[in-house]
1. Condition (residue is hydroxyl-bearing (S, T, Y), modelled with pLDDT of 95 or more and within 27 Å of V212 (Cα to Cα)) applied to the range 64-78: is it met by at least one residue?
2. Any chance you could count how many residues in the range 206-219 are assigned to a loop (DSSP other than H, G, I, E, B) and either closer than 23 Å to T274 by Cα or touching a residue at least 40 places away in the same chain (Cβ under 8 Å) (or both)?
3. Exactly one condition in (1) on the phi < 0 side of the Ramachandran plot; (2) touching a residue at least 24 places away in the same chain (Cβ under 8 Å) is false for V48; which is it?
4. For residues that are without any contact (Cβ under 8 Å) to a residue 40 or more places away in the chain and within 12 Å of the ligand (Cβ to nearest atom), scanning just the range 220-233, find the one that is surrounded by the most Cβ atoms within 10 Å (Cβ to Cβ).
5. Out of the residues in the range 170-202 meeting the condition of being surrounded by fewer than 16 Cβ atoms within 10 Å (Cβ to Cβ) and part of a helix (DSSP H, G or I), tell me which one is farthest from the ligand (Cβ to nearest atom).
6. Only one of these is over 17 Å from A56 (Cα atoms), at pLDDT 95 or above and buried (at least 18 other Cβ atoms within 10 Å of the Cβ): V247, V266. Name it.
7. How about the range 275-290: which of its residues are of a type in the set (S, T, Y) and surrounded by 24 or more Cβ atoms within 10 Å (Cβ to Cβ)?
8. Name the pairs whose Cβ atoms lie under 8 Å apart, with the first residue in the range 163-177 and in contact (Cβ under 8 Å) with a residue 12 or more places away in the chain and among the hydrophobic types (A, V, I, L, M, F, W, C), the second part of a strand (DSSP E or B) and near the ligand (Cβ under 6 Å from one of its atoms), and 6 or more positions between them or separate chains?
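The values are calculated or read from the model by the stated rules, or taken from the named source; none is laboratory data. Everything numeric in this text was worked out from a predicted model, so none of it was measured. For neighbour counting, all protein chains shown are included, and Cβ atoms are generated from backbone atoms with ideal geometry for every residue, glycine included.
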Amino acid sequence: MVAEILDGKACAAAVEESLKERINKCQHAGITPHIAVIIVGDDPASHVYVGAKIRACQRLGIKSTHIEMPESSKETELVEVIKELNNDDSVHGILIQSPLPNHMNEELLTDLIDPLKDVDGFHPVNLGRLVQSRDDCLIPCTPNGVMHLLDWAGIDTKGKQALVIGRSRNVGMPQAILLASKGADATVTIAHSRTSDIAKQCLDADIIVAAVGRPNMVKKSWIKQGAVVVDVGINRVDDANAKRGYVLVGDVEKSANQVASWITPVPGGVGPMTVAMLMENTVRSAEFRF
Ligand code: NAP
């Protein structure tokens, strides 16, 4: 068996297409959806991600303001920027690109973002509403992108055993909640660095979402025949033969495609979905003004 590709690029293009009408409606109401993206420091990967987000805005006619701050910026300076953006009625979404420099407290800064502008969906108000299965929250982009991708491919999660590897605030935890929520109806196990036998947990799973950040950690031999594999991981691995001196690999061995029924490519799987969901959240934030 060779797995079918869960094509995040194609699904993201479909999401973008569906957003165009909503953006038009905003514009007819005199509102141009507008996201402010704050990046602090020179992390090269962060600049690549921000570039992809800004290009998506340009494709869709969403206004983006790119705020670059030096690594040496004080936390109080970033607090001031967030406060200004909260008070600026022309800005609908605020995103602080992760990671922040070590001297900044990411959680504290996220807490300061107006929850209605929290397009990352990381504010406790939005995460709390997600736990309550309310539909008035902004959902974290990556796990929401995974749910959209599964739905788009016609993959039924109801009654399935799902394993989420990773329990981060931005991916693993909200992913588990979304998979277990009413409508998705999967039975979910969460694995993490203290889980004793991940290989066994994987072999029991109909759906695996790997969000760890360890290249090729999940082995082909851990995958049950016909399982659905969603690889969230994006890891840079040095490769002298590659044009940039590195290649991007996921958390799952590529050869898992010989066992799985569906698998996401890396890159081109979850990454484009994250960007598409950010665009969706930005449009939703603008729609809150109607
Ligand atoms: P994170 O905050 O570092 O969390 C990693 C999680 O993996 C933690 O819960 C950790 O467990 C768990 N873990 C670490 N080593 C493990 C092991 N040996 N066995 C089992 N679990 C282990 O990372 P993240 O932000 O969730 O991101 C995870 C990956 O997804 C990264 O590669 C990141 O680049 C990628 N990512 C991709 C996208 C995208 O759009 N495609 C978006 C976001 C993130 P503990 O809690 O016990 O430490």
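1. At the first step, the residues of the range 64-78 found to be hydroxyl-bearing (S, T, Y) are 64-65, 72-73, 76.
Going one step further and asking which of them are modelled with pLDDT of 95 or more, we end up with 64-65, 72-73, 76.
Those still in the list that are within 27 Å of V212 (Cα to Cα) too: none.
Taking every residue of the range 64-78 in turn, none turns out to be hydroxyl-bearing (S, T, Y), modelled with pLDDT of 95 or more and within 27 Å of V212 (Cα to Cα).
2. 8
3. (2)
4. Quick first cut of the range 220-233, residues without any contact (Cβ under 8 Å) to a residue 40 or more places away in the chain only: 220-224, 227, 231, 233.
Filter once more, so that each one left must be within 12 Å of the ligand (Cβ to nearest atom): 222, 231, 233.
Details: W222: 22, D231: 27, G233: 24.
Once the filter is applied, the top-ranked residue is D231.
5. Here the residue is K200.
6. Result: V266 is the single residue among V247, V266 that is over 17 Å from A56 (Cα atoms), at pLDDT 95 or above and buried (at least 18 other Cβ atoms within 10 Å of the Cβ).
7. Initially, the range 275-290 is screened for residues of a type in the set (S, T, Y), giving 282, 285.
Hit for the range 275-290 is T282, nothing else.
8. L163/A191; V164/A191; I165/A191
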